[in-house]
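Computed from the coordinates by the stated procedures, all read-outs in this text should not be read as laboratory data. Since the model is a prediction, treat every value here as computed from it, not as a measurement. Quick reminder, even Gly has a Cβ in these numbers, built from the backbone with ideal geometry, and neighbours come from all protein chains shown.
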Amino acid sequence: MSRARVAVLKVISKQATAGEAAAEIGISRRHLQRLLARYREGGLEALESRSRRPKTNPNQTPERVRQRVIELRVKLRVRASTRAR
């Protein structure tokens, strides 16, 4: 069981205050408050680590360009392999 999960369970079962539980596992009280909010919204499953990957990337290469690059790489690979023979 993760340390965050243990701390949240201690607080909700009233075995410890948020400050005590946070100090015990070495996280800030503010972070534990965020975890408690996530628990209230989604239960214990919501306490699992989340991806930090952004949902979108405004600088991402357009799909059309990406496909064209792949096509050209395949053509060049085929050409290079036929020359090597």
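Mind checking which pairs have a first residue in region 23-44 that is surrounded by 12 or more Cβ atoms within 10 Å (Cβ to Cβ) and a second that is among the hydrophobic types (A, V, I, L, M, F, W, C) and not in a helix (DSSP H, G or I), Cβ under 9 Å, 6 or more apart or different chains? Correct list of pairs: Glu24/Ala16; Leu35/Ile27. Restricting attention to region 56-85, the residues being among the basic types (Lys, Arg) and part of a loop (DSSP other than H, G, I, E, B) number 1. In the condition set (1) out of contact with any helix residue (DSSP H, G or I) (no Cβ under 7 Å at 6 or more places or on another chain); (2) touching a residue at least 24 places away in the same chain (Cβ under 8 Å); (3) of a type in the set (A, V, I, L, M, F, W, C), Ala4 is compliant with all but (1). Could you grab me the full set of residues in region 6-25 that are assigned to a helix (DSSP H, G or I) and in contact with an Asp or Glu (Cβ under 9 Å, 6 or more places away or on another chain)? Scanning region 6-25 gives Val6, Ala7, Lys10, Val11.
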